[in-house]
Structure formats: C-alpha cells, structure tokens
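This report concerns only the one structure given below.
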Amino acid sequence: MTGAHAAWLPAAAFRAIGSRRSAVHGRGLLVETVRQELRDACARFGGSSEADDDAELVLTSDTRPGSPATDLGPEGFTLARQDGVTVLVAGGPAGILYGFFHVVRLGEEAFGADFPVQTHRPAMRRRMLDHWDNVAVHEVMGQVERGYSGGSIFWSDGALTKDLERVRAYGRLLAASGVNAVSVNNVNVHATEARLLTDRLDDVAALADELRPYGIRVHLSVDFAAPVSVGGLRSADPLDPAVRQWWAGASARVYEHIPDFGGYVVKADSEGQPGPFAYGRSHADGANMLADALAPHDGVVHWRAFVYNHRQDWRDRSTDRARAAHDHFAPLDGQFRDSVIVQVKYGPIDFQPREPVSPVLAAMPNTRLAVEVQITQEYTGQQRHVCYLAPLWREVLGFRPWRAAGAAIAEVVAGGGGMVGVSNVGDDRFWTGHPLAQANLYAFGRLAWNPSLEPAAILDEWIGLTFARGADGVPEQLRRTLHAIMDDSWRTYEDYTAPLGVGFMVSPANHHYGPDIDGYEYSAWGTYHFADRDGIGVDRSLATGTGYAAQYPRPWSDTFESPATCPDELLLFFHHVPYIHVLHSGVTVIQHIYDTHFSGAERVHAMRSSWQEIEQADLVDGDLYARVAERLDEQVRSAEEWRDQMNAYFFRKSGIPDAQGRRIY
Ligand code: GCV
C-alpha cells in the first residue's frame, strides 16, 4: 500500500496495549483479526499477546444463553478491572473486535486501578457507508461522484483496484470507528456498474474478502432497470413474473459468490435513474420485489427516498422540492416488507449546510427508516474547507419531531435502518483530501454507534488518536489548536455562505462550489431564494406558501408555520420576510447577513493563523502540515469571496447599509 496515512490508528495509539501481556479467547474470523492486531502491537511495543496465565488484558466472549454479555447483542461488550486485569467480555466475536478498538481508544486509562465498569453496545445495528464510486471514469462526474479525495479506493481504470491492501486498511479504520457495512458503487448506476451485479461478481467478492475480517458487509447499488439493461428482458416491471424471476436468479448468484452479502441500495425515479413509475407501480412495489428476491438470503434493500421532480417551476405548491419525499413516501407507510429500509436524506432538499430535519423521518412509523448524511462535503466546502460536521449530525439525531412527547431521530432509526453516510474517502494519501476531514469519517462511525456522544468529545478523541506521538500523547498546543480550528467550523462555514437556512447559493454548475447567488433558478419564477428589493426567503407555510411546514407533526408544524416562532437559523427556509425583519437574536435579517459574513471570514483567517503557529512549533508531519496549510489558504480566499459577493448583492438588493459602516464591496 503506497504510504497511506495511518489516520486514527497510528502505531502510537497501540502503545498501552502493545506493551502489555494479553490473551484473546474465542474462535472465528473476527477473533483472529484481533489476535493478529495484538500480535502486531506487541511486536512493536514489547508485550506478549499469548499470556494465558498472567495476562493484564483478557478479551473473551460469553455466548451462553442468558449471560449478561449476550444481552448486549453480538456487537456489545463490557469492560472491567478484575484483580488487576482488564477484562473485556463480549456478546460475540464482533463485540471482541469493537471492544479491542475501544481499548485502543482508551489507552492507559483502560488499565488504571480505578477504571469503572463500562458497557457498550451500538445504538444502531446498521452503520453504513455509501460510496458514490464509479468503476469507469464517468465523463461528467469523474470516478467518484462528488468525490474530493482523488480516485476510488475500490475501482481504478474500469477495473478492480490493484491495491487491495488499502481496502483492508480502510476496513480496519472503519471497524475502529464502528462502521459495519459499505456499499461499493455509485447510486447513479451507469452501464459498466450495472454489470457488477452480473458479470463482475468476482470483483465484488474480492472487496468483500478484504472487508470481512473487520466485520464489514458489502452492498451493491443496483440499476432498477437491470432486467432490461443487463438481463435482456423487455421490461423491468416489478410485478411481472419474468422480472421477479430474473432478480431472484441474479440475487442467488450474488450469494453464491458472497455468502454474507448485505443487500442492494437503490436510487429509483430520481435524477434520471429508472424506477417503478415507468410501469405505473409504486415505490413499495419496486422495493418489495427486490426484498423478495433477497429474502431467501437474508439481505436487505436500502431504498432511497430522494425522489423529486427536478423540473419544478413553483406554479403550484406541489412543486416545492422540499415536499417531494414526504408526498411520495408517507402514503406508503406500512406497505414495505420488513427487509426494506427506506433511506431518507436528513433534510428535505439535498445536504445543504442547514436544513430542517426531513419530516419523512416522522411520518412512517410502520417502516424501517435510515437517516442518510453526506460525509463527502458536496455543499460544505468539498474538503477544501475545514467543516467538522458532527455538530450538524448530532442536531439531526437529537431532533424530536414530537417534542418531548416522542422519540428523537436517533431512536426512530435505531431499530430500523440506522445511519448511512456518503463516504468522503478516495485513493488520496490522507484518505479524505483534506486531512482534517478524516474527523468527519471518524465521527460518523462514532455517532452511529452512540448518537448521544458530544461532537466536541468525539473531536478530542479523534485528535488524541490521530496526532498521538510517542508516550506523551498529543502535544497540548496542537490539541488546543486543532480543537479550536475544527470544533465550530460548521457554523463558521454556514456564516460565510447561504444565510438562515435559505440554501443553494452555490454555483449550480456541476461542481457546486463557490458563490453564485442567483445561480439556482425556477424556470418561471426567478431565483431559488426569492430575494427581491423588499425581502428574501421561501414561503413554505401552510397559510400562504407551499404547505411544507404542515408536513411536520404538531407542535413543530405550528412552530415552523409562523415567522414569530420559527427558529432563526431556519427562518428563510420557511418564510419570505422583509430585510428589516428582526430575528430572535435582536438584529435584522440584513444586518445578520452582514455580521455573519464579516465574522465568518474573520474566523477563517484566525484558523489559518493558528495553523501557521503549528508550523513554527514543528508539531506535525510536514506533508500533513503543508496539505492543511494549502487548503486553509483556499478557504480564506473562498470565504472572502463569499463575504464580498453576499454583502454586495444584498446591499444592492436592499439598499440598506451596514449599521457598523463597514466597507461593502
Ligand atoms: C449521486 C445530489 C448530488 C448528486 C447525487 C444525488 C443523490 O443531487 O448532487 O451527485 O447523486 O444528490 O443523492 O443521489
């Protein structure tokens, strides 16, 4: 493997384990993985991994019916000090694997005399990454759609990657963050990729072989029209017996190659992808057909709810894109098979830096739901900007659609489809283009495992592992600097880009990067944000707008319905208001725009300056320093561009000067 960065598993992170005597009990592939991990760590730090009698660390599983460990499920474990020994008891082999990486995270702490008993089990059984990787380089989207980390780690030049060692290293990193499923190709399934399901199963099986030792199951995105595009049939109608038979046969062959195959991911009737609408069938018909084909093999269907009419022109309320997923899917609640997971983007539009939580997640109590987030930073700086996304995801997971009376989103998805993230990884040496974007990948896994973790604590954990040096951990100045740069970076990004939830002020050209305030238009009705000389924002109220606000249960529907109660950060998503509308924060909308754009850009300057002090103190590897420095230069440039364009645009539109008299270009 060509010098890939160790990310959150540098050698130094294994010092506490590798310098001790340990023993692992149990059998099976995942236990063997842990055994090998221990051997490697001990070889480096002088410990012993086969210390049966005098071990300081024992990892074992207890699968006897009724034991406390089995109550934790196959992935859970308890960790305790017993007579001077740190003992991990897991509910199964996977629990040993996750427990092992937990001990790595804890380091010396796990061996302290006063270490308290800890119990861990994943809140979500399904913790999945979707790769939007094309096998062949696509003429418009390149090899990885919305990829900002080089080429694919799975595919290269139309073939399986030659660097399978890197795939295994990826699986190892993912297991150490808690991820247990990966889909290896783009949800936009082009011709070459459609054949993964039929002609190229050996390639998919090779990937599964690399990921399996780390407890990761492989999934495929499939072309809904595969019976036609690769099967030679004349129809892909989900109720046609020949079509159903074709899928049953294709699925059986997949399992012959990959017995633990996870299942299919489907983007249907969306952005040009085929789907059941072409045959007058519903999404439930389509998803259930695939579920039936997978049923004998215990596979699942991740059916995406990202369905909208992108030719909307706003002439009537039904064309509000925000309404689309709920309009299509809520009426189908209860009609999907148990092995269908309806996969819902966290917001109603498309991974904008600020959106309300999708009401679909509150509208389908009889359906297994997964929440989908975008780790790859399509609309959040494309891994050129530092934008630590855990605070955004934490807000989504903690949102209570029924207020205190009901569950949070994390609980809604926990028992069903869990959490899915669009991966930000490529063949880049730092995995994620921007080295600090590794934190997003790590935080995704950690939140899917435990949605109540605090983003700042996850960040510190990531810093502590990734930048560990020698026996002393992370130098304090580096720790403080990284924390300060990253912790609030999502809100900083929000501040210098589109304000108050209005969304889509990026360039609509294929790249979606940089400001283009009027770029997104509705054919007949002007710009997406509806800014004119008097005001800005989209009226999605029930009384006078698109009615989207009414898709929420009460009392949220009431809260969003009125500008008087709508939270500031979402005001322009839900309402069209005058520039002089006073926010709950006490400033007017126009002044908020000026203030946040000045302060956001200033904070990016401060981020860059504090990083430069790191170089003077020589605290990180030179390549990593340089990569981050180069990206921070671009972030400063881009934040200033956003600031200047936004402020100038809204000054010209509104005619209202900045109350503080700052110069607006
Ligand atoms: C994979 C957005 C992106 C598309 C992406 C789509 C999706 O529209 O711009 O590149 O397609 O979301 O989530 O399917």
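The values are calculated or read from the model by the stated rules, or taken from the named source; none is laboratory data. Worth saying up front: this structure is predicted, and the values here are computed from it rather than measured. Positions of Cβ are backbone-derived with ideal geometry, glycine not excepted, and every protein chain shown enters the neighbour counts. Just the protein is used for accessible areas: all its heavy atoms, side chains included, with ligands, DNA and RNA removed. Shrake-Rupley method; radii C 1.70, N 1.55, O 1.52, S 1.80 Å.
Summary of computed values
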| read-out | value |
| --- | --- |
| All positions within segment 94-130 that are open to solvent by 10 Å² or more (accessible area, probe 1.4 Å) and small (Gly, Ala, Ser) | Ala94, Gly107, Gly112, Ala113, Ala123 |
| Filter result (more than 16 Å from the chain's Cα centre (by Cα), aliphatic (A, V, I, L, M) and within 16 Å of Cys387 (Cβ to Cβ)) within segment 426-462 | Ala456 |
| Every residue from segment 319-338 that is open to solvent by 50 Å² or more (accessible area, probe 1.4 Å) and either closer than 17 Å to Ser270 by Cβ or in contact (Cβ under 8 Å) with a residue 60 or more places away in the chain (or both) | Asp327, His328 |
| Some residue of segment 403-416 being out of contact with any Asp or Glu (no Cβ under 9 Å at 6 or more places or on another chain), within 16 Å of the ligand (Cβ to nearest atom) and of a type in the set (A, V, I, L, M) | no |
| Selected residue (only one of Gly91, Gly73, Gly66 is surrounded by fewer than 20 Cβ atoms within 10 Å (Cβ to Cβ) and free of Cβ contacts under 8 Å to residues at least 40 places away in the same chain) | Gly66 |
| The lone exception for Val135 - which of (1) at negative phi; (2) in contact with a Ser or Thr (Cβ under 6 Å, 6 or more places away or on another chain); (3) open to solvent by 10 Å² or more (accessible area, probe 1.4 Å) it fails | (3) |
| Test: residue in segment 421-438 that is within 16 Å of the ligand (Cβ to nearest atom) and in contact with a Gly (Cβ under 6 Å, 6 or more places away or on another chain) | yes |
| Lone unmet requirement of (1) outside any loop (DSSP other than H, G, I, E, B); (2) under 18 Å from Val182 (Cα atoms) for Asn424 | (1) |
| Matching residues, segment 446-468, being closer than 14 Å to Ala176 by Cβ and open to solvent by 30 Å² or more (accessible area, probe 1.4 Å) | Glu461, Gly464 |
| Matching entry among Asp223, Asp199 (being in a loop (DSSP other than H, G, I, E, B) and surrounded by fewer than 23 Cβ atoms within 10 Å (Cβ to Cβ)) | Asp199 |
| Residues being open to solvent by less than 10 Å² (accessible area, probe 1.4 Å), over 30 Å from Pro296 (Cα atoms) and either within 13 Å of the chain's Cα centre (by Cα) or within 16 Å of the ligand (Cβ to nearest atom) (or both) - total across segment 353-364 | 1 |
| Residue count, segment 243-284 (criterion: open to solvent by 50 Å² or more (accessible area, probe 1.4 Å), assigned to a helix (DSSP H, G or I) and more than 17 Å from Ser183 (Cβ to Cβ)) | 7 |
| Any hit, segment 183-199, residues being out of contact with any strand residue (DSSP E or B) (no Cβ under 7 Å at 6 or more places or on another chain) and touching a residue at least 40 places away in the same chain (Cβ under 8 Å) | yes |
| Residues of segment 174-190 that turn out to be open to solvent by 10 Å² or more (accessible area, probe 1.4 Å) and either within 16 Å of the ligand (Cβ to nearest atom) or over 23 Å from Glu256 (Cα atoms) (or both), as a count | 3 |
| First in segment 131-146 and in contact (Cβ under 8 Å) with a residue 24 or more places away in the chain, second anywhere and among the basic types (Lys, Arg) and within 11 Å of the ligand (Cβ to nearest atom), Cβ under 9 Å, 6 or more apart | Trp132/Arg146 |
| Single residue of segment 228-241 satisfying the filter (open to solvent by 50 Å² or more (accessible area, probe 1.4 Å) and either among the hydrophobic types (A, V, I, L, M, F, W, C) or within 16 Å of the ligand (Cβ to nearest atom) (or both)) that is nearest to Asp298 (Cα to Cα) | Leu239 |
| Residue identified as more than 15 Å from the chain's Cα centre (by Cα) and in contact (Cβ under 8 Å) with a residue 40 or more places away in the chain among Thr367, Thr380, Thr376 | Thr367 |
| All helices (runs of 4 or more DSSP H) inside segment 510-629 with 1 or more residues being surrounded by fewer than 16 Cβ atoms within 10 Å (Cβ to Cβ) | 556-561, 589-617 |
| Unique match (being under 26 Å from Ala601 (Cα atoms) and not assigned by TED's automatic domain parsing to the domain that holds Arg146) among Pro435, Pro515, Pro475 | Pro515 |
| Only listed residue being β-branched (Val, Ile, Thr), closer than 20 Å to Asn450 by Cα and touching a strand residue (DSSP E or B) at 6+ places or on another chain (Cβ under 6 Å), chosen from Val103, Val89 | Val89 |
| Residue under evaluation Val167, criteria (1) at pLDDT below 95; (2) open to solvent by less than 30 Å² (accessible area, probe 1.4 Å), criterion not met | (1) |
| Residue among Ala291, Ala330, Ala287 that alone is away from the ligand (no atom under 14 Å from the Cβ), at pLDDT 95 or above and over 24 Å from the mean Cα position of the chain (by Cα) | Ala291 |
| Residue within segment 439-446 that is among the hydrophobic types (A, V, I, L, M, F, W, C), farther than 22 Å from Lys345 by Cβ and touching a residue at least 40 places away in the same chain (Cβ under 8 Å) present | no |
